[in-house]
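J.: Quick one: the structure is below, questions incoming.
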Ligand code: SF4
């Protein structure tokens, strides 16, 4: 049966890395070979390494190292530590990685300070190991068990903590493998991922069985234009969300990072109205909303300042509240009165614009 899709979307702008490396061990995996074939099919030159070490990535000039790394995709085997999954509340029960790194250039990137070394995108070849490992986590985790309404989702796995899986899907095919795997799973489980990209065409016809929730990471239009380089334009992301919803996927909005810029109520109000208009024709819509305010750490500020020296992103400790994370590190969030104003506004505006949506959390 033909999917009830609306107008064909304009061709998305796809990332083509200038340098592709594949390690010797990665080539030992069928999925690694498939990724290499895919990239050669797209006309990319792939360098096969003699061993498993990625070399030549450092540069004394941090900006140069950043540019080179952001133009590099490496096909590697995920290290053994990736098989010990970490809990990732409030988004999901567990974090699972199909890759690490992202080709976009968001000036507030939440990966800054979490990835070691230059931000090369690494795609994992050993998908059967990564997927086979998930069964051990079934029924464990505390997001779904604590939050009553989310129990129906079963055990939830988040695939976008360290990458944007859709931004590299045309090169890897890994996200499609994940979606098929979760669609075939008998027990209650959910795959979740967030994206700022729009190339959803290859995902629309997959046998997902509503086991994958795709959330589109969005922001007020002036902030998206100013700070989110290399991502799909906001209207294209919202169109992609509509197409995924029409194809039966549960969808979500991740509104992040929320910033109280001048005129923020109007700008976020316009965003919510735009979403409501685009999702209005979707029958049986299942929409969640996550609300995340901007924050930074001393480490992420240092890395981001090196990557984007001319950025106008406000990261002024004097204007922020200092908080300890549960890992005993420091983060800077908005002042309590400002946080409260924004929280009250969003908790009123979201249900008014999107009456059927579930707000999962505010942070
Ligand atoms: Fe970072 Fe996400 Fe932007 Fe990629 S899309 S640069 S991971 S914030």
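The values are calculated or read from the model by the stated rules, or taken from the named source; none is laboratory data. Here the structure is a predicted model, which is why all the values come from computation and not from measurement. All Cβ positions, even for glycine, are placed from backbone atoms using ideal geometry, and neighbour counts span all protein chains on display.
J.: Pick out the one residue from 95, 63, 34 that is under 29 Å from residue 192 (Cβ atoms) and more than 21 Å from the chain's Cα centre (by Cα).
T.: Working: 95 fails: more than 21 Å from the chain's Cα centre (by Cα); 63 fails: under 29 Å from residue 192 (Cβ atoms).
Only one candidate passes the filter, namely 34.
J.: Taking only pairs six or more apart or across chains, which ones have beta-carbon atoms under 8 Å, a first residue in region 183-204 that is at positive phi and within 15 Å of the ligand (Cβ to nearest atom), and a second residue that is in a helix (DSSP H, G or I) and modelled with pLDDT under 95?
T.: Short answer, once both residue conditions are applied: none.
J.: Further question on the same structure: Against the definition (modelled with pLDDT of 95 or more, away from the ligand (no atom under 16 Å from the Cβ) and not in a helix (DSSP H, G or I)), how does residue 54 come out, yes or no?
T.: no
J.: So which residues in region 286-330 are under 21 Å from the mean Cα position of the chain (by Cα) and farther than 23 Å from residue 66 by Cβ, if there are any at all?
T.: 286, 287, 288, 289, 290, 291, 292, 293
J.: With respect to residue 34, is the statement that it is touching a helix residue (DSSP H, G or I) at 6+ places or on another chain (Cβ under 8 Å), touching a residue at least 60 places away in the same chain (Cβ under 8 Å) and not in a loop (DSSP other than H, G, I, E, B) true?
T.: So residue 34 fails the test.
J.: Take region 205-231 and flag every residue that is more than 21 Å from residue 294 (Cβ to Cβ) and under 18 Å from the mean Cα position of the chain (by Cα). First the steps, then the outcome.
T.: Looking only at region 205-231, we keep the residues that are more than 21 Å from residue 294 (Cβ to Cβ), and these are 205-214.
Of everything in region 205-231, those that are more than 21 Å from residue 294 (Cβ to Cβ) and under 18 Å from the mean Cα position of the chain (by Cα) turn out to be 211, 212, 213, 214.
J.: To continue, here is another question. Among (1) over 19 Å from residue 276 (Cβ atoms); (2) away from the ligand (no atom under 16 Å from the Cβ); (3) touching a residue at least 24 places away in the same chain (Cβ under 8 Å), which single condition is residue 227 missing?
T.: (2)
J.: Could you go through region 109-119 and let me know if any residue there is in a strand (DSSP E or B) and either at pLDDT 95 or above or surrounded by fewer than 17 Cβ atoms within 10 Å (Cβ to Cβ) (or both). Steps first, answer last, please.
T.: First, the residues of region 109-119 that are in a strand (DSSP E or B): none.
Within region 109-119 (the criterion being in a strand (DSSP E or B) and either at pLDDT 95 or above or surrounded by fewer than 17 Cβ atoms within 10 Å (Cβ to Cβ) (or both)), the answer is no, since none of the residues qualifies.
J.: Condition check: in contact (Cβ under 8 Å) with a residue 60 or more places away in the chain and in contact with a helix residue (DSSP H, G or I) (Cβ under 9 Å, 6 or more places away or on another chain). Does residue 152 satisfy that?
T.: Spelling it out, it is not the case that residue 152 is in contact (Cβ under 8 Å) with a residue 60 or more places away in the chain and in contact with a helix residue (DSSP H, G or I) (Cβ under 9 Å, 6 or more places away or on another chain).
J.: If you don't mind, another one. Which of (1) at positive phi; (2) in contact with a strand residue (DSSP E or B) (Cβ under 7 Å, 6 or more places away or on another chain) does residue 124 not meet, given it meets every other one?
T.: Failed condition: (1).
J.: Would you please name the residue that is farthest from residue 114 (Cα to Cα), looking only at residues in region 313-340 that are at pLDDT 95 or above and assigned to a loop (DSSP other than H, G, I, E, B)?
T.: Looking at the filtered set, the residue picked out is 335.
J.: Among the residues of region 326-342, write down those that are under 20 Å from residue 90 (Cβ atoms), touching a strand residue (DSSP E or B) at 6+ places or on another chain (Cβ under 7 Å) and touching a residue at least 24 places away in the same chain (Cβ under 8 Å).
T.: Initially, region 326-342 is screened for residues under 20 Å from residue 90 (Cβ atoms), giving 326-329, 331-334, 336, 339-340, 342.
Next, only the ones that are touching a strand residue (DSSP E or B) at 6+ places or on another chain (Cβ under 7 Å) stay: 331-334, 336, 339, 342.
Answer for region 326-342, where residues must be under 20 Å from residue 90 (Cβ atoms), touching a strand residue (DSSP E or B) at 6+ places or on another chain (Cβ under 7 Å) and touching a residue at least 24 places away in the same chain (Cβ under 8 Å): 331, 332, 333, 334, 339, 342.
J.: I'd like the residue in region 235-261 that is within 30 Å of residue 320 (Cα to Cα) and within 13 Å of the ligand (Cβ to nearest atom) and, out of all such residues, is surrounded by the most Cβ atoms within 10 Å (Cβ to Cβ).
T.: Once the filter is applied, the top-ranked residue is 254.
J.: On to the next question. Residue 178 is checked against (1) without any contact (Cβ under 8 Å) to a residue 40 or more places away in the chain; (2) away from the ligand (no atom under 16 Å from the Cβ) and fails just one. What number does that condition carry?
T.: Going through (1) without any contact (Cβ under 8 Å) to a residue 40 or more places away in the chain; (2) away from the ligand (no atom under 16 Å from the Cβ) one by one, residue 178 breaks only (1).
J.: Determine whether region 223-230 contains at least one residue that is touching a helix residue (DSSP H, G or I) at 6+ places or on another chain (Cβ under 7 Å) and under 21 Å from residue 122 (Cα atoms).
T.: Scanning region 223-230, I find no residue that is touching a helix residue (DSSP H, G or I) at 6+ places or on another chain (Cβ under 7 Å) and under 21 Å from residue 122 (Cα atoms), so the answer is no.
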